[in-house]
Amino acid sequence: MSHNSFGHLFRVTSWGESHGPAIGGVVDGCPPRLALTEADIQPWLDRRRPGQSRFTTQRQEPDQVRILSGVFEGQTTGTPIALHIDNVDQRSRDYGEIATRFRPGHADIAYEWKYGIRDYRGGGRSSARETAIRVAAGAIARKVLGDGVRIRGALVQLGPHQIDRANWDWAAVDDNPFFCPDPVAAVQWDDYLSGIRKAGSSCGAVIELVADGVPPGLGAPIYGKLDADIAGALMSINAVKGVEIGDGFAVAALTGEENADEMHMQGGRVLFGANHAGGILGGISTSQPIIARFAVKPTSSILSPRASVDRAGQEVEVVTKGRHDPCVGIRAVPVGEAMLACVLADHVLRHRAQNPDAPSGPILPRN
């Protein structure tokens, strides 16, 4: 009942704290004979790495990953893959004043109530530092999925400011510090977040994930729904407070006629007229692009004094020191991609195990 693992056949366990000597994890269930080296993992970690712009924490962590087991001569062996990342830039002294005080909006008081003890240095286990291992695991999951499945993420809302979807350009995502697909919005966001950062405040964000090339049939009708597992995986990311699949909450305003993703035949294939369902029907993938969005709350570590209490039950004011992201949602983009990759890899292996010879039917249900 440790709850430090997720997945079934493709299973990921993480360990470590923000200011401990290292963080790490174990990926179990990866099939053998997949080409894998540290060089396959490092580019994904580099996208999440802190300190790459003035809009992320200035903690300088190289996030160099080491593979300790499960790989031999450049190939996976089918045994557990152990991953290790050193922490090299901790400044624990920044957190001395909150050793007995609880930061509003943080997990401090909840951890205290649950365990009776907490690592207050940078949030300990509840720190976003833990997500580096998820990104590393996601790199391995992409190997399981193969080149036919493409997973991409983008920031579509920063604070109250949304992108103009008419300007969507995937090529723009890596050309700005926000993972923003709208070049015009990225310029506006620069001014907005600069003001937030200078004020010592923070803002939230919405991230959209798209997975193309996902085969049909992944998931199960009731308790193994693909969308339920995706939602659970994304909700497990630090600071996430909401998840949508497809049109999400917007479907409540649609009629049945508007919401139905009509189908027709073309060249022996089923084509869908729309994708309100986000590529999943009845918990099972349809081969349409899987679309998910998740909302990240404003970073709770801010410079403005906030009313709180301490361990003795006294009312106090808390000002959070240290190095923090003015919008933690920015670096959540590669984390969301990784979690979606892990869920899809797990479901691919589960589908193969239960139904390895599933017929595709008289028609190929692929766009």
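The values are calculated or read from the model by the stated rules, or taken from the named source; none is laboratory data. This one's a predicted model, so the numbers in the text were calculated from it and none came from an experiment. Counting neighbours? That spans all protein chains shown, and the Cβs are built from the backbone with ideal geometry, glycine included. What goes into the accessible areas is simple: the full protein's heavy atoms, side chains included, and nothing from ligands, DNA or RNA. Shrake-Rupley method; radii C 1.70, N 1.55, O 1.52, S 1.80 Å.
Tabulated data for the structure shown
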read-out: Distance between modelled label sites at D174 and D46, nm, 7 Å Cα→Cβ extension; value: 0.9 nm
read-out: Tail fraction, Cα-Cα pairs, the range 106-183, threshold 15 Å, whole percent; value: 71 percent
read-out: Largest to smallest accessible area among L145, L234 [probe 1.4 Å]; value: L145, L234
read-out: Shape of the range 165-301, Cα gyration tensor, a/c cut at 1.5; value: prolate
read-out: Intensity falloff of the chain expressed as log10 I(q)/I(0), Debye formula with alpha-carbon point scatterers, at q = 0.10 Å⁻¹; value: -0.67
read-out: With every protein chain in place, the range 61-206: carbon and sulfur % of accessible area (1.4 Å); value: 50 percent
read-out: Dipole magnitude of the chain about its Cα centre (Cβ charges: Lys, Arg +1; Asp, Glu -1), debye to nearest 20; value: 880 debye
read-out: Mean Cα-pair separation over length for the chain, i.e. relative contact order, pairs under 8 Å, 6 or more apart, %; value: 22 percent
read-out: Over the range 279-336 - Rg/Rh using Cα atoms and the Kirkwood inverse-distance radius; value: 1.27
read-out: In Å², nearest 10: area of S69 left accessible to a 1.4 Å probe; value: 50 Å²
read-out: Accessible area, probe 1.4 Å, largest first, for residues W15, W170, W189, W113; value: W113, W15, W170, W189
read-out: Cut-off of 10 Å, at most 10 other beta carbons, DSSP loop: longest stretch of the chain lacking such GluC sites (Glu not before Pro); value: 74-261
read-out: Paired Rg and Dmax values of the range 232-332, which use every Cα atom, in angstrom; value: 21.4, 72
